[in-house]
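The values are calculated or read from the model by the stated rules, or taken from the named source; none is laboratory data. What you are looking at is a predicted structure, and each value in this text was computed from that prediction instead of being measured. Here the Cβ positions follow ideal geometry from the backbone for every residue, glycine too, while neighbour counts run over all protein chains shown. The protein model used for the area step is the full one, side chains on, heavy atoms only, and it has no ligands, DNA or RNA in it. Shrake-Rupley method; radii C 1.70, N 1.55, O 1.52, S 1.80 Å.
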Amino acid sequence: MDLRFPDLDPSPEELEALQSVLGPATPTEGWTREQGGPHRAAAVRHLLLPALHALVDRVGFVSEGGLTEICRRLDVPPAEAYGVATFYSMLPVDPVPLTTVYVCEDLACRRGGVPTGPAAEPGTRVVHAPCIGLCEQAPASLTVRSGPKPHHGIASMPPANGSVPQMGDPSLVLLRRIGTPPTLDSYLDNGGYVALRRALDIGPAAVIDEVTASRLVGRGGAAFPTGRKWAAVASQPAGPRFIVANADESEPGTFKDRVLLEGDPFALVESMTIAAFAVGAERGYLYLRDEYRSALGTLEAALASARSAGFLGTAVLGSPLAFDIEIVRGAGAYICGEETAIFNSIEGHRGEPRSKPPYPVEVGLFGRPTLVNNVETFVNVLPILEQGGNAFAGIGTGVSTGTKLFCLSGAVRNPGVYEVPFGGTLEELIERAGGLPDGRELQAVLLGGAAGSFVTPAQVNLPLTFEATRAAGVSLGSGVVMLFDDTDDLGDALRRISAFFRHESCGQCVPCRVGTVRQDELVTRLTLGRRRDGDEQLLRDVGQAMRDASICGLGQTAWNAIESAIDHLGVLQ
Amino acid sequence: MSDVRTSAPGTPVAPPRRKVTLTVDGTETVAREGDTILSVCRSLGIDVPTLCYGDTLEPANACRLCMVEVEGARVLVPSCSREVEPDMNVTTDSARTRHARRMVLELLGSSVDLSTTPRVEAWMAEFGADPTRFGADVATVAQPAKVDNNLYVRDYAKCILCYQCVDACGEQFQNTFAISVAGRGFDARIAVEFDAALPDSACVYCGNCIAVCPTGALMPSTEFDMRADGTWDVSRQSETTTVCPYCGVGCNLTLHVQDNRIVKVTSPNDHSITSGNLCVKGRFGFTHVQ
Amino acid sequence: MIGLITAFGASGGTSSYAEVENTDVIVLWGSNAREAHPIFFHHVLKALHRGARLYVVDPRRTPTARFADRWIGLNVGTDIALAHAVGREIIASGLHHSEFVANATQGFEEYRACVEPWTLERAEQVTGVPAEAIRELTHAYATAAHAQLGWTLGITEHITGVDNVLALINLSILTGHVGRPYSGVQPLRGQNNVQGGGDMGALPNRLPGFRDVEDTEARARLDRVWGTSIPPRNGMHLTSMFEAMERKELRAVYVVGENPAQSEPNSGHVVPLLEGLDHLVVQDLFLTRTAQLADVVLPASAAWCESEGTVTNSERRVQRVRKAVEPPSGARDDIDIITALAQALGADWPDQTAQQVWDELRSVSPDHFGMTYEHLEAAGGLQWPCPSTDREEVPYLHARLWAAEPADRGRPAPFSSVEWKPPLDALDADFPLRLTTGRRLDSYNTGVQSGAFSTPLDAGETVDMNPDDASAHALAEGDRVRVSSRRGSIEGPVHLDPSLRPGLVFMSIHAPDVLDVNVLVSEASDPRSGVAEFKATAVRVERADPVPSHT
């Protein structure tokens, strides 16, 4: 690096804020500096994103002086640091007020019209944001305040238990502890750490055997067999390997992981520890979307108490297992939920997906074998070890095993997260949530979120299983079940979906970078009556190219919901 | 004697690569482990179009023009980066690949000025691409060229965001890291910190970004000015490869001469010393013989 | 070149650039390759990204040093002390390659005794490098599976330049890091044909093919080819030429493509000597400062783009230079000029093409015999030795040292028990600061060629000082200062450079018309190489009066 820094200094506030991440300022340049070079730079690069957060937490934005100081301390080329900061929606590089209100303008929150949010006050800015994961309380907003105190100022964030209408139902498995205090004592009183003790008893290979026997598949959307993934990581040649919990829950309409993180944080800590034991990892990363400020506080407290009680650290539960977890905050980028983009983000690079192969189980975080699972996937490991993998496999349909969390939102009487064994139909689930509000008729259901598909009222008998949805040409995705009634404007929903993908495309590949823009332009023309000859074919042509030729799942699925709406709901007729 | 040395004199570092048998467009062929589908196609004389692929750089995987079908894969596969596997069955020319290539060309052609991109016109014809289908009122990256130094011009209206300049400036060759991709999505762009001008950046004017730019978005000022004046005429140019006079490393220079004047300096991509790269003196220090 | 000949019997760097990419530890000693040899440094960077570690030994924390895992910032002129400390630590830690030392070297015991006094502690006192840093460097280099040691003018432009090189070569043979793939020593050449010029015999003690002038057999072979009798004695190197001018023994000088009026040390002294000659002929592309002093100027074409021929780079690779543009009217090819001169002097030299001259060289230099123009063309350049017209040799030299059969090993590589001496130009109360000189990225030598183009990097020539030194002198950025040595003084603006350690002053050599650093530098030189002590001048810095403004 021909590091050349602008002749700019951080403010005292910025310097102090950076100290919490980078330590006290030391002479970083000049003749007294002996160590350096690309190896040292690579070793500290993962501190870039936390350092950028520290600036924004304190002064609201990434100033030139602050960025320069980070670059000096971490040997990051300023152009790269700027490239990273501007990748994320929540790291502004221009001066902004200390308070930001993120007003959700996404599918569930805009059903009553595009939210305007509060009137802009002095010292406050209002940002219209993609889904902030509070769909059960639509319309929702999130207020973030920067200032001297870290992780301050969360507004309109509800307790998780308000989001689980089934709370207290003894049949609940994954949600059984929602409503109990998120403390270690309470966790231990409610069956906590039984699974880890069993894992330590039976050994890593047997843990993987149990997970394999359970036939658990990933809950993040791709439905990959979890046991196979764990076994693949465990079988890699010796050397460091990592665990990543994907808590970047950003699919519009999805909020189940938020409820788990806020309401049962130790479940994730325990299940990540089991995974680490099974695959031989010493370090885990919990990548949390930065909109989940309440969960951040809960998780930080949980990690601290787990560490002090010996559930994390160099000798977990007195065993030879050494494992700890670090929280990495996302910064407003849907793409970082992609399993390789998440690595780049944690490493301090732009959160762009990597080309696969190689797959994460071989070359993942920091170039090492890595197990990356969704939060819901991880916590399923607890019942698997408690009941045994075969018993777990007995729940559900045999193909889709265990229970599933569904996020009901939109035109439904009791929105929230529901846990049901696999096998029930869409109609049963809707009924469980109280059906539609009085006098409303179902127009469509969006399954799986913006990357999912619309189904029609005629399809409400569809069993919500992986096999049945696959056969119907739709996807369960992350468990979104968003209802639209007869008053909803589906054209508006389609425009929102196309705008969402245009906003969230990372920009790396042409089909997605330009395709999502052209899709948005065409959807806008087609749904607002400005259709030109050939527009619909053009939209299909773009969609097919995005699906076939994009690098990652974002581009590959960006046309799914729109296509299904055209083909099955006839929205363009 | 120390026992840490593991290799005897003459021991090569890498073991020989295994043979891989695969089928490309119905023809069984033998390649080496680590070869890409693209390299196999080229050795078979199959012309797979590429834009973001530079033969001196790691595949950027960005343009998606070189997509091929691989039996069993859910989506198309980038031939530039995908390595061959035993029994792989590759189809380079199918309705799906032609559609993807056509759309990539239409998407780029409707948003970027491709007027100085070699071969693109022929590909448009071959794949039936018509970028005007989207209409004239769509988003583009049109913008004025950045002329902020006397050595080269950055005309980002022609940028397809292939990442090659960033890779050449960064880890793969120059390690200056003066530029990066900033922003996201359609707003993604090549920039220095805070979108400053080049003279305020770490740029050392090696021009190795120019050498890898596939579209003419990056151009030496000599070429940019001559094109603007209408005097740039490749048909009147000769190319002569010689050795740089500025130090003892021995970089090969290819001098592009028009009317007995050096109008551009490049270095051969297949030259073992430079791999197409030069320093500021080699690329721009020719004016003393003008 | 002398150092390499002494140790290995051949005057080239032992490795190739491509090998650098695959090595494990790289030590750049007195080399700011990032700026002075940027494309060589690309190969170093490839190695770093493969995981190789880089150590940069330099008094300045140069742009090169910033890429290093560790910068070893030694005091100017203490290279031998540091190298000996490294050697001693290698032996003391049992890290020397005893088998290689026994089989392929000689003089080990004497060397061991020579370095024995150089404990890490003593070296720290002399070099200013912390003992722990010397230890790290030592262990990294000695325990690497493969290691490269490179140097440049930071090593050679000292009165002990040859000994400096020998002290570094000692380390390579001590560890067996030579004569193997990916391990070796690399002197980086400053001009595009320094290596080739020497190989062709353009040295006072060498014949084409780098044969020794005093080698009767080699001389006799050339005598036969050329039908003449070569004088059996070495010529004068540059420094001795000026000494001879001073003694009025040398009265006529023919300068080809050099600018000694500005490139030589103590230039205030050099110009009168050139002016005092009976006859001065200068052959150059430009009317340089030296050419302005000449009685006759022979305008030459630019060898790199206005004529045909070959040059040889730092990895011994001979490559073709080709004519791309017509030279300005009146300028002629060097071969034409020399041939015409010979003809005018009555010799019956035929007019020859570059290729004919090259084929003549091939006929007298077995190491070049295989390099026909066709072979050079097909291979894109060839490294010597190249005895065969249809085959390339391994890219590294001296594999013979590792041969299983003692008879195949050839002459053992000798250790050189050289002694450290401080720079001749000593610091004292009058001249308390150490001036060292170097190059900047966008400029070249005296600026004759690079001065014709401008880059945004050009911030003007400055006198660079440590900020603490500057404040001790009550100087701020841009203040005009007078820099004085025992030979003269010059004035220029000061630049505060925190990468310079206290006590060190840096100036570039590129703009003698603006800031002629060679006025300050001593002509004291290494008696064997004739290379002057450019890198270690004792100076004093004082505030100067501002330049009178013309308002």
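Figure legend. Inter-residue proximity from the stretch A:499-515: first residues more than 7 Å from chain B (Cβ to nearest Cβ) and without any contact (Cβ under 8 Å) to a residue 60 or more places away in the chain, second residues hydroxyl-bearing (S, T, Y) and part of a helix (DSSP H, G or I), beta-carbon distance below 8 Å, spacing 6+ or different chains. Indicated pairs: A:F501/A:T516.
Looking at the stretch A:141-219, the helices (runs of 4 or more DSSP H) lying wholly inside it that each contain 2 or more residues that are modelled with pLDDT of 90 or more and touching a strand residue (DSSP E or B) at 6+ places or on another chain (Cβ under 9 Å) sit at A:184-189, A:204-214.
Those helices (runs of 4 or more DSSP H) of the stretch B:197-290 in which at least 1 residues are at the interface with chain C (Cβ under 8 Å from one of its Cβ atoms), considering only elements entirely within it, cover B:280-284. Of the candidates A:R532, A:R502, the single residue that is part of a helix (DSSP H, G or I), outside the structural domain of A:V412 (by TED's automatic domain parsing) and open to solvent by 10 Å² or more (accessible area, probe 1.4 Å) is A:R502.
Just to be sure, is A:E121 in contact with a helix residue (DSSP H, G or I) (Cβ under 7 Å, 6 or more places away or on another chain), at negative phi and open to solvent by 10 Å² or more (accessible area, probe 1.4 Å)? Spelling it out, it is not the case that A:E121 is in contact with a helix residue (DSSP H, G or I) (Cβ under 7 Å, 6 or more places away or on another chain), at negative phi and open to solvent by 10 Å² or more (accessible area, probe 1.4 Å).
Here C:D516, C:D468, C:D458 are screened, and the one residue that is touching a residue at least 12 places away in the same chain (Cβ under 8 Å), farther than 27 Å from C:A167 by Cβ and crowded, with 17+ Cβ neighbours inside 10 Å is C:D516. Just one of the listed residues (C:D367, C:D425) is out of contact with any helix residue (DSSP H, G or I) (no Cβ under 9 Å at 6 or more places or on another chain) and surrounded by 15 or more Cβ atoms within 10 Å (Cβ to Cβ), namely C:D425.
For the stretch C:397-412, the candidate set comprises residues that are over 22 Å from the mean Cα position of the chain (by Cα), at negative phi and outside any helix (DSSP H, G or I); within that set, the residue that is farthest from the other protein chains (Cβ to nearest Cβ) is C:R411. Elements of the type helices (runs of 4 or more DSSP H) sitting completely within the stretch C:255-358 and holding at least 1 residues that are over 27 Å from C:V517 (Cα atoms), aliphatic (A, V, I, L, M) and more than 14 Å from chain B (Cβ to nearest Cβ): these cover C:334-344.
With a requirement of 1 or more residues that are within 21 Å of C:V418 (Cβ to Cβ) and within 14 Å of chain B (Cβ to nearest Cβ), the helices (runs of 4 or more DSSP H) lying completely within the stretch C:13-104 that satisfy it span C:79-92, C:98-104.
Among the residues of this structure, B:D35 counts as one that is open to solvent by less than 80 Å² (accessible area, probe 1.4 Å) and not hydrophobic (A, V, I, L, M, F, W, C).
Residues that are in contact (Cβ under 8 Å) with a residue 40 or more places away in the chain, open to solvent by 20 Å² or more (accessible area, probe 1.4 Å) and within 24 Å of C:T127 (Cβ to Cβ) occur at least once in the stretch C:487-502. Cβ-Cβ contacts under 9 Å between residues 6 or more apart (or on different chains), taken from a first residue in the stretch B:48-63 that is away from every other protein chain (no Cβ under 11 Å) and aromatic (F, W, Y) to a second residue that is part of a loop (DSSP other than H, G, I, E, B) and open to solvent by 10 Å² or more (accessible area, probe 1.4 Å), are listed as B:Y53/B:P59; B:Y53/B:A60; B:Y53/B:N61; B:Y53/B:S81; B:Y53/B:C162; B:Y53/B:P214.
In the stretch B:135-163, the residues that are modelled with pLDDT of 95 or more form Cβ pairs under 6 Å with partners that are among the acidic types (D, E) and in a loop (DSSP other than H, G, I, E, B), at six or more places apart or across chains, as follows: B:A145/B:D155; B:A157/B:D113; B:K158/B:D113. Residue check: C:Y111 meets all listed conditions (1) closer than 30 Å to C:A524 by Cα; (2) open to solvent by 10 Å² or more (accessible area, probe 1.4 Å); (3) aromatic (F, W, Y) but one, namely (2).
Output yes when any residue across the stretch B:138-159 is aromatic (F, W, Y) and not in a helix (DSSP H, G or I), and no when none is.
Of the residues in the stretch B:138-159, the ones aromatic (F, W, Y) are B:152, B:156.
Filter once more, so that each one left must be not in a helix (DSSP H, G or I): B:152.
Yes, the stretch B:138-159 contains at least one residue that is aromatic (F, W, Y) and not in a helix (DSSP H, G or I).
Counting the residues of the stretch A:1-37 that are part of a helix (DSSP H, G or I) and either out of contact with any Phe, Trp or Tyr (no Cβ under 8 Å at 6 or more places or on another chain) or open to solvent by 20 Å² or more (accessible area, probe 1.4 Å) (or both) gives 11. When A:D485 is tested against (1) more than 14 Å from chain B (Cβ to nearest Cβ); (2) open to solvent by less than 10 Å² (accessible area, probe 1.4 Å); (3) in contact with a helix residue (DSSP H, G or I) (Cβ under 8 Å, 6 or more places away or on another chain), exactly one condition is not met: (3).
B:C169 meets the conditions (1) touching a helix residue (DSSP H, G or I) at 6+ places or on another chain (Cβ under 7 Å); (2) more than 8 Å from chain A (Cβ to nearest Cβ); (3) free of Cβ contacts under 8 Å to residues at least 40 places away in the same chain in every case but one. The failed one is (3).
Out of A:T273, A:T298, one residue alone is of a type outside the set (G, A, S) and in contact with a strand residue (DSSP E or B) (Cβ under 6 Å, 6 or more places away or on another chain). It is A:T273.
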